[in-house]
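A short write-up of the structure that comes next.
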Amino acid sequence: MVWKEIDNLQFLSQLSLKQVEDRLLITADFAPELKKTLGMKEPFLYVTLYVRGGARVKIIDEDSAALFNTTKKDFDEDTYERIIDFAKSHARQFKKRT
């Protein structure tokens, strides 16, 4: 299943490790089908951006604290790029690069 319907991204929080990585919490509107598939009620995105390149996106359920590790292949290409671009625009170490 490729996930497409993750919209209305909103910056929530950030942790920055100088010259290493930025970690961001991002709230979003998830499609009801995706929530059901993941078994989550209140999911949000946990994005890690690495200074030397690369990124990881995890989905965490605020209700149950369940963690879902994702890969780039789990997302529609446009959706994944939108999430990463949004994260970079709010990350301290990446603002100057975008």
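The values are calculated or read from the model by the stated rules, or taken from the named source; none is laboratory data. Please read these numbers as outputs of a predicted model, since none were measured by experiment. We place every Cβ from the backbone using ideal geometry, glycine too, and count neighbours over all the protein chains shown.
Hey, could you check the stretch 42-51 for residues that are more than 16 Å from residue 27 (Cβ to Cβ) and among the aliphatic types (A, V, I, L, M) and say which is surrounded by the most Cβ atoms within 10 Å (Cβ to Cβ)?
Residues of the stretch 42-51 that are more than 16 Å from residue 27 (Cβ to Cβ), as a first pass: 48-51.
Checking the rest, the ones that are also among the aliphatic types (A, V, I, L, M) come to 49, 51.
Values: 49: 21, 51: 16.
Ranking the qualifying residues of the stretch 42-51, first place goes to 49.
I'd like the full set of residues that are without any contact (Cβ under 8 Å) to a residue 24 or more places away in the chain and either charged (D, E, K, R) or in contact with an Asp or Glu (Cβ under 7 Å, 6 or more places away or on another chain) (or both), limited to the stretch 1-14. So that I can check it myself, show each step before the final result.
Step one: list which residues in the stretch 1-14 are without any contact (Cβ under 8 Å) to a residue 24 or more places away in the chain, which gives 7-8, 10, 13.
Residues satisfying the conditions are 7, 8.
Return yes or no: is residue 49 touching an Asp or Glu at 6+ places or on another chain (Cβ under 7 Å), of a type in the set (A, V, I, L, M, F, W, C) and not in a loop (DSSP other than H, G, I, E, B)?
So residue 49 passes the test.
What's the number of the only condition in (1) touching a strand residue (DSSP E or B) at 6+ places or on another chain (Cβ under 8 Å); (2) modelled with pLDDT under 90 that residue 68 fails to meet?
(2)
Could you check the stretch 15-56 and list, in sequence order, the residues that are farther than 14 Å from residue 67 by Cα, acidic (Asp, Glu) and under 15 Å from the mean Cα position of the chain (by Cα)?
Result: 21, 22, 29.
If you go through the stretch 15-49 one residue at a time, how many are in contact with a Lys or Arg (Cβ under 8 Å, 6 or more places away or on another chain) and touching a residue at least 12 places away in the same chain (Cβ under 8 Å)?
Qualifying residue count for the region: 10.
Step by step: first the residues of the stretch 22-46, then only those that are among the acidic types (Asp, Glu) and in a strand (DSSP E or B), then the one that is nearest to residue 6 (Cα to Cα). Which residue is that?
Here is the first cut: in the stretch 22-46, the residues among the acidic types (Asp, Glu) are 22, 29, 33, 42.
From what's left, in a strand (DSSP E or B): 22, 29.
On the way: 22: 21, 29: 6 Å.
My answer is 29.
Within the stretch 52-82, track down each residue that is exposed (fewer than 12 other Cβ atoms within 10 Å of the Cβ) and in a strand (DSSP E or B).
Passing the criteria: 67, 69.
Kindly indicate which of 56, 52 is at pLDDT 95 or above and over 16 Å from residue 13 (Cβ atoms).
Values: 52 fails: at pLDDT 95 or above.
Exactly one of 56, 52 is at pLDDT 95 or above and over 16 Å from residue 13 (Cβ atoms), namely 56.
Would you pick out the residues in the stretch 1-28 that are charged (D, E, K, R), exposed (fewer than 15 other Cβ atoms within 10 Å of the Cβ) and closer than 18 Å to residue 81 by Cβ?
Step one: filter the stretch 1-28 for residues charged (D, E, K, R), giving 4-5, 7, 18, 21-23.
Narrowing the set further to residues that are exposed (fewer than 15 other Cβ atoms within 10 Å of the Cβ) leaves 4-5, 7, 18.
Those that are charged (D, E, K, R), exposed (fewer than 15 other Cβ atoms within 10 Å of the Cβ) and closer than 18 Å to residue 81 by Cβ: 4, 5, 7.
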